[in-house]
1. Which of A:238, A:252, A:149 sits closest to the plus end of the dipole of chain A, meaning its Cα is farthest towards the positive end, when Lys and Arg get +1 and Asp and Glu get -1 on the C-beta?
2. Evaluate Rg over Rh across region B:142-231, taking Cα atoms for both radii and Kirkwood's formula for Rh.
3. For residue A:247, what charge total do you get from the other residues with a beta carbon under 10 Å from its beta carbon, if Lys and Arg give +1 and Asp and Glu give -1?
4. Largest first, how would B:75, B:184 line up by accessible area (1.4 Å probe)?
5. Just tell me how shielded B:133-143 is by partners: mean number of partner chain Cβ atoms within 10 Å of each residue's Cβ, no decimals.
6. Averaged over A:101-107, how many beta carbons belonging to a partner chain fall within 10 Å of each residue's beta carbon?
7. Choose one answer from B:53, B:137, B:11: the residue with the largest mean-square fluctuation in a GNM of chain B with alpha-carbon springs under 10 Å.
8. How large is ³J(HN,Hα) for each residue in region B:67-80, as worked out from phi by the Karplus curve 6.51 cos²θ - 1.76 cosθ + 1.60 (θ = phi - 60°), to whole Hz, x for Gly and Pro?
Amino acid sequence: MLICLDIHIKLFHYTVMDVNEVEIDIQKLNKSFNSLHVLKDVDIEIRRAETTVIIGGSGTGKSVLLKHIMGLLQPDSGRIIIRGVDVTTINSHEAEKLRNRFAMVFQSSALLHSLTVAENVGLGLKEQHRLPKKQINEIAMEKLKLVKMEQKYNSMPEELSGGMKKRVAIARALAMDPEVVLYDEPTSGLDPIMAGNIDELILELKEKFKMTSVVVTHDMESAFYIGDHICMLYQGRIIEEGDPESFKQSENKIVKQFITRHGGAGI
Amino acid sequence: MVNPLEYIGRNSLNLFQLVGELIQLFIHTLYWCKQALRNLDKIFYFMVRMGVNTLPIASFTSLFVGMVMVLQTGYTLEKFGMAESLGAIVPIAMARELGPVLTALLLAGRIGAAITAEIGTMTVSEEVDALKTLGINPIGYLAMPRFLACLFMLPVLVVYADVVGILGGAVVTTAYFQIPVTIYFDRMAESLEVIDIIKGLVKAAVFGVTIAIVGCRYGLKTSGGAAGVGEATTRSVVCSFVSIYILNYFITRLWM
């Protein structure tokens with residue numbers, strides 16, 4: 001009971017907190033899958049209304065980190081503090097409450113193939129909020145308009161291109177009116193024009209709705225364009241972080257190799 | 001060289017873990033049945049799909065099982081002048097044993113495999129994770145409608161299979177043993193009791209639940225892409241078959 005009260009007081013405090021305060025604080029996060037140690041003492045601060053970009057090569061644990069923030073994976077050790085509450089120490093129901101303003105856009109878009117575009121976008125509203133069908137359709141259309149996909153509302157996911165699926169996935173995430181959106185490789189597999197459009201969309205959402213975004217990518221052009229804060233994950237550890245300009249000036253050999261796309265012994 | 005003790009120990013632990021996970025999923029699915037009324041459309045959709053998909057093969061199987069049973073037992077009974085008893089044997093065997101078990105095995109092969117493949121594909125393509133991020137419980141959304149559809153549809157299919165099997169038996173009894181259909185059905189009316197049919201339906205309901213829970217468990221635990229879906233589907237069917245055989249023995253033993 002006391003813990004619940006404490007959570008509600010902290011939530012109230014954080015609903016009136018300033019822009020740029022820490023929204024998610026990850027401390028000494030560790031995760032292993034069998035003998036594979038994927039995340040090693042990861043520390044990251046994600047600030048409100050900022051876009052934090054996590055970069056790194058394939059298999060370095062970027063998506064695993066994102067799934068920890070979303071609560072899809074549980075850490076072996078470490079703390080994930082969301083709006084002042086350590087979600088690793090509270091029960092799953094309370095943790096879900098804290099995360100109910102979070103949304104995630106998956107690398108594969110993860111649209112339900114048995115549902116139309118509009119049904120996918122309205123799915124969370126239908127199942128969780130139990131809104132009337134008419135209202136759900138209106139919200140779904142509104143969000144589809146935001147990502148310029150309203151003309152495809154009745155299409156099935158298999159009729160869409162990769163970029164269109166990503167846009168619908170973003171619309172589905174936005175339908176829940178999230179304050180924090182996590183993007184897992186939003187531009188991977190897209191042509192440069194479509195990738196640019198997705199970047200513009202992420203920026204537009206940040207500007208328009210003051211959303212906190214966490215973007216996992218290995219597309220450096222995209223990272224520098226949309227990121228307010230960039231972190232590089234290498235072999236399960238954060239080896240460099242800073243704003244885009246300071247990141248470009250980094251003296252770290254691995255970071256330099258990653259930015260200049262010249263491989264070597266490091267990567 | 002694998003240490004035999006280690007091999008037995010590891011497999012025993014895996015078995016206990018599997019049984020534990022199935023029981024846990026069963027309890028969670030029961031909990032989510034509270035949302036059944038809101039999901040009647042989905043439940044009916046799965047019931048219709050199960051019925052339509054299984055009906056042709058269930059008809060074919062039970063018809064021939066009924067006919068073969070008469071051929072196998074008829075000639076022996078005829079030697080003792082008891083061929084008229086076919087009207088008692090076939091319906092009881094169909095209602096108590098063959099109807100529920102054979103239909104459950106068919107459903108496990110067709111629908112159990114489909115449940116695992118569908119949910120498994122959703123799991124590996126992150127659709128199940130997407131449901132969680134939308135605040136939707138995958139057990140309530142995916143497992144519960146399939147669970148209730150199997151629970152209610154298998155007994156319906158079993159009644160149908162019983163009828164077809166009994167009719168198949170009647171045709172062969174008349175054709176090969178020259179026993180009038182009326183005698184066949186008179187014997188059936190004398191020997192087949194309502195409790196036999198009820199016992200068969202209870203078995204069917206238990207098997208239906210087992211097929212749904214096993215199918216959903218393997219689907220939700222699928223990993224490793226398309227190959228993983230194939231592997232999970234095979235394991236799911238094998239597990240359903242074994243579970244049906246074991247449960248059938250214990251339910252029958254309980255009623256002896």
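The values are calculated or read from the model by the stated rules, or taken from the named source; none is laboratory data. Bear in mind the structure is a predicted one, so any value in this text is a computation, not a measurement. Please note: Cβ atoms are built from the backbone with ideal geometry, for glycine as well, and neighbour counts cover all protein chains shown. Note: areas computed on protein heavy atoms with side chains; ligands, DNA, RNA excluded. Shrake-Rupley method; radii C 1.70, N 1.55, O 1.52, S 1.80 Å.
1. Among A:238, A:252, A:149, the one farthest towards the positive end of the dipole of chain A is A:149.
2. Values: Rg = 19.4 Å, Rh = 15.9 Å.
In region B:142-231, Rg relative to Rh is 1.22.
3. Once positives and negatives cancel, what remains is -3.
4. From most accessible down to least: B:75, B:184.
5. Working: counts 17, 15, 10, 5, 3, 0, 0, 1, 3, 0, 0.
The mean count of partner-chain Cβ atoms within 10 Å per residue comes to 5.
6. Numbers: counts 0, 2, 4, 6, 2, 6, 1.
The shielding value for this peptide is 3.
7. B:11
8. 5, 5, 4, 5, 4, 5, 8, x, 5, 5, 5, 4, 4, 9
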